[in-house]
Amino acid sequence: MTSKRNFWLSTVFLTLGAVGAISAPARANDSITQAVVDPNEWATSGRDYSNTRFSPLKQINPQNVSQLKLAYAFSLGSLRSNESTPIVVGDTLYVSTSWGPKYVYALDAKTGQKKWQYEPDIPDDVMQYGCCDVVNRGVAYADGKIFVGRLDGYLAAVDAKSGEEVWATQVVDYKQGSVITSPPLVVRDRVIIGFGGGEYGARGSLQAYDINSGKQVWKTWTIPGPGEPGNDTWKGDSWQHGGGVVWLIGSYDPKTNTVFYGTSNPSPWNAAVRSTGTSDYGNLRNLYTSSTLAIDPDTGKIKWYLQSTPEDAWDYDGVNEAVLADLNINGQAVPAMMKADRNGFFYVANRESGKLISAEKFVPTTWAEKIDIATAKPVEVPDKRASIGHPAKGICPNLIGGKNWQPMSYSPETGLVYIPSNNICMNWSVSEVNYRRGVFYLGAEFPTFPGPGGYLGEIMAWDPVAQKKVWGVKEDLPFNGGTLATAGGLVFYGNIQGLFKALDAKSGQELWKVSLGSGVGAGPISFAVDGKQYVAVVAGRTVSTAAFMGEIGNRIVAATPEGGTLFVFSE
């Protein structure tokens, strides 16, 4: 647990996004920094640049949380997978919908009264190019603008007061299977964003745009081309359709002026198409897929990388968010980056050097025995890697991962990370596959079944220093919602059966719950207006993702109807 000395240090770090954010020469955008310092606001997707999803508000606590009641609800006007994390700047709440025609709403954060709506013209055919449903997970704010990535491959800036579009720039051609589903990251005068499409054979990249003009400043390919370091980790010309897309959210450390992004699985799922076995990089194969990248936001240059699943053969997409904190390890405050990877291991690395500190299984995991800390490489179990005519059986976790995109949270008060985890396994067989633009590029089948113990999901409190579970709340189904930790000693989350819950952050005891009518995947937030604390969450269960889980997916669909509503609670 965090000592009192390191608790103070961590609190400063979490409030500003990173230790030294005020004095560092490379400062983040002033408007965001000021909003993050204000405990009443929720100015970025993860609340701070560190993606801790920790609210310093404590008006709502274990003693009074049972008195929470609905303050207001707002229909988003769309179904499918509603997974948005709202943001709150000043007295305005901004929330996105799964897809058009109404894409973003601005609401009075206290009353839910609509201020404006943003309605871009999104083509109807985008649905066929969204791998895992049409969805938008939220927006970003800076300098009086709201930034949103759209399903049609555009990044747009909208006036935060009026909702009028300021500029819109094409990031990628969605017809190659690359839609944008997650919020961008604003660093000073740059808006940084990636896109999806790993399942369609898109070649991944991350790019930055000028905050005022929308012009591209830099672009970094996450799959190295000929002549670039790491290209020899790809067989032949397989790099051209190698995946490694960057479709989730990034983190930022102002002290070192570094952004952190995870990259997706390589394409196709049949690893033989791209396999080199070894290269000059040793056991690091298919760079930079299923990795965490540390990037200079001024230039796009990759500073270091940590590949969690080399030559991934199980769709262990590595995009999960990096959570930054100073951890008390052996009596020292260590600048750490934490990641609950889809491959079943919880990683702690030095965020300044990229050196791996520890990595342990946080869910039942069979594809690898362990992670070799000296080399940062997994020690694989040979019979869990399939080849043509040789299927692999009993692989845990399943391709949706030990943790999927649903965000975890970190509390500096308890020193714990709160993870929405899954307990599903699979068998895996591969087949021949050819690339066709805008069509799934997979080459694998993956029958799904429950993991050990019979339960399918668990909200767990994880000690990142000791690398062990402290407590867990079992769930009947997987793919449950992201978590929110608060200074009031609470953890909030919703499950796929539509229940929104509050737990005691130290013990995991359930203190309050309410039914929202549709499954929850989104992460909750907390904010305050006029001295009153609120907790908000979007409900609207996944649709397409359930199809990847067979009979378990059928149970998810049967549990609740589709939905699309923002719920806001207060005392």
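Since every read-out is calculated from the coordinates, none of them should be taken as a lab result. These numbers come from a predicted model, not from an experiment. Every residue, glycine as well, gets a Cβ built from its backbone with ideal geometry; the counts of neighbours run over all protein chains shown.
Between the alpha-carbon centres of segment 525-570 and segment 56-118 there is a gap of 12 Å. Helix content alone sets the calculated 222 nm mean residue ellipticity of the chain: runs of n ≥ 4 DSSP H residues at -39500 (n - 2.57) each, divided across all residues, give -1500 deg cm²/dmol.
Quick one: putting +1 on the C-beta of Lys and Arg, -1 on the C-beta of Asp and Glu, what dipole do you get for the chain around its Cα centre, in Debye to the nearest 20? If you can, show how the numbers build up before the last one.
Working: 50 positive and 54 negative charges, 155 e Å.
Charge dipole, the chain, about its Cα centre: 740 debye, nearest 20.
Our Cα-only numbers for segment 353-454 put the radius of gyration and Dmax at 16.6, 52 Å. Of the cross-linked pairs Lys115/Lys513; Lys58/Lys339; Lys301/Lys384; Lys355/Lys506; Lys114/Lys145, those separated by over 23 Å at the C-alpha level are Lys115/Lys513; Lys58/Lys339; Lys301/Lys384; Lys355/Lys506. Between Pro364, Pro464, Ile388, the Cα set farthest toward the positive side of the dipole of the chain (charges on each charged residue's Cβ, about the Cα centre) is that of Pro464.
Each listed q (0.17, 0.19, 0.27, 0.30 Å⁻¹) maps to a log10 I(q)/I(0) for segment 515-571 from the Debye sum over equal C-alpha point scatterers, namely -0.60, -0.69, -1.03, -1.15.
Normalized C-alpha radius of gyration of segment 443-496, against 2.2 N^0.38 Å? Don't jump to the answer; show the numbers that get you there.
Working: Rg = 14.2 Å, N = 54, 2.2 N^0.38 = 10.0 Å.
Here the Cα radius of gyration is 1.42 times the empirical estimate.
Relative to the globular-protein estimate of 2.2 N^0.38 Å, the Cα radius of gyration of segment 417-570 stands at 1.19. How many percent of Cα pairs in the chain exceed 46 Å? Looking at the chain, the distances longer than 46 Å represent 5 percent of pairs. Ordering of 164-174, 179-189 by packing is 179-189, 164-174, highest average first (other Cβ atoms within 10 Å, averaged per residue). When peptides 260-268, 412-420 are ranked by their average number of other Cβ atoms within 10 Å per residue, the highest-first order is 260-268, 412-420.
When Met338, Met408 are sorted by how many other C-beta atoms sit within 10 angstrom of their C-beta, beginning with the fewest, the order is Met338, Met408.
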